[in-house]
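Sharing a structure below in structure tokens format, with a few things to ask.
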Amino acid sequence: MRVFALTQRILRQIVRDKRTMGLLIVAPILVLTMLHLVFNGGDYTPKIGFVDVPNAVVEQMNVDGADITTYSDEKSAKADLAERIIDGYLTIANNAPAVVLEGSDPSVAGATMKWLQQAMPTGQEIGHSPKLTIDYLHGSSDMGTFDYFGPVLLGFFVFFFVFLIAGVSFLRERTTGTLERLLASPLRKWEIVMGYVVGFGIFTMIQSAIIAAYAIYVLGMMMEGAFGYVLLITLLLALTALTLGILLSSFANNELQMMQFIPIIVVPQIFFSGLFNLDTISKWLSWVGPFTPLYYAADALRDIMVRGYGWGAIYMDIFALAGFSLLFIAVNILALRKYRKI
């Protein structure tokens, strides 16, 4: 009977916690739905450029299964390749085929080469001909999967741990009464928010710098651009995670409820961070990407670490991350009205 009474108390406690009940049902359904839409979105369609490929060769090729763009000169093809409008382009000079691949994504490069092998008239002229020349705009044939996914993982772990630590730490400030005492002081709401952001921000700056330096200089993660830009991106991403963690902690009453935000706020961002090719994700889901911070951070980190680009390629991502941070700071100030009415 005592065991039964204890069981009843626990069940009542769970049922009364509407947030936990909702999480037990909604979060798995949300993640499983996203996985379904990601993995059933369709196969990747290579985008191939033909530069001065003779018509006689094109007529013999099986061009199904790819988006073909023809170019009259190689300069235009290289420009589109740099902008990732095409994945690679084919030229044939003196009966010798040459392929130039964008190369920053090994899976895309592999899909492009596979299509070319199947499309050529003999089925063997590409990839098996001793006269074939394969060049890479970024990366090389030795580029590994970790080199491509590394920047995404770097951004994700910075975001995840800063979000978690900031949310739980700010929650403790509330539950221990520290925040209430500050709200009772002459301090304004924006001063309280900025104090917490700067205080936690100094720690997250150090954390982000250590993680980025370890990944690049100890683990040997691919690094083609300037480390300073990587540091800037990770710091802005950490600031975004920090302000978002502080914001969501305002709606949690304990550490468990703070952890419950992870499968709803953090996990879904993985699908739009670049671990999966966004071109193959279902249209029902792909529109969510631009509304997530990791979408911009992963794109900027890849541009710097894999493609070796500079400020001109990442400034829009930088502004987006800064915009997220400013938005969350503003909402944090408004959220404090929950604890002190004016």
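The values are calculated or read from the model by the stated rules, or taken from the named source; none is laboratory data. Just so it is clear, the structure is predicted and the values come from calculations on it, not from any experiment. Just so you know, the surface numbers come from the protein's heavy atoms only, side chains and all, with ligands and any DNA or RNA stripped out. Shrake-Rupley method; radii C 1.70, N 1.55, O 1.52, S 1.80 Å.
What are the residues whose amide H is under 5 Å from the amide H of residue 136, where those residues sit 5 or more places off or on another chain and H is modelled from the backbone?
Result for residue 136 returns 101.
If you don't mind, another one. Which whole-Hz couplings ³J(HN,Hα) result when phi for each residue of the range 82-94 is put into the Karplus expression 6.51 cos²θ - 1.76 cosθ + 1.60, θ = phi - 60°, listed in order with x for Gly and Pro?
Calculated HN-Hα couplings, in order: 5, 8, 6, 6, 10, 8, x, 9, 10, 10, 10, 10, 6 Hz.
Between residue 69 and residues 5 or more places away or on another chain, which pairs have amide H atoms under 5 Å apart, with H built 1.01 Å from N, and which residues are they?
The list, which skips near neighbours in sequence, is 48, 49, 50.
Further question: Averaged over all directions, how much area does the convex hull of the C-alpha atoms of the range 250-329 cover when projected, in nm²?
Answer in nm², one decimal: 6.7.
Which whole-percent values make up P(r) of the range 146-255 when all C-alpha to C-alpha distances are grouped in 5 Å steps starting at zero?
Pair shares across the bins are 2, 12, 21, 20, 15, 11, 8, 6, 3, 2, 0.
Using a probe of 1.4 angstrom, how much of the accessible area of the range 142-263 is carbon and sulfur, in percent?
The C+S portion of the solvent-accessible surface of the range 142-263 is 71 percent.
Please list, in order along the range 57-71, the HN-Hα scalar couplings obtained from phi with the Karplus expression 6.51 cos²θ - 1.76 cosθ + 1.60 (θ = phi - 60°), rounded to whole Hz, x for Gly and Pro.
My calculation for the range 57-71 gives 6, 4, 5, 8, 7, 9, 8, 5, x, 8, 8, 9, 10, 9, 10 Hz in order.
Which percent of Cα-Cα pairs in the range 196-342 sits in each 5 Å bin, short to long?
So the P(r) values, bin by bin, are 2, 9, 16, 19, 21, 16, 10, 5, 2, 1, 0.
If you roll a 1.4 Å probe over the heavy atoms of the protein chains, what accessible area per residue do you get for the range 272-338, in Å²?
45 Å²
Probe of 1.4 angstrom, ligands and nucleic acids ignored: what's the accessible area per residue over the range 148-225, in square angstrom?
Dividing the accessible area of the range 148-225 by its residue count gives 49 Å².
Please work out how much length the chain gains when fully extended from residue 56 to residue 256, using 0.36 nm per residue of separation minus the C-alpha to C-alpha distance, in nm with one decimal.
Extra length available between residue 56 and residue 256 comes to 65.3 nm.
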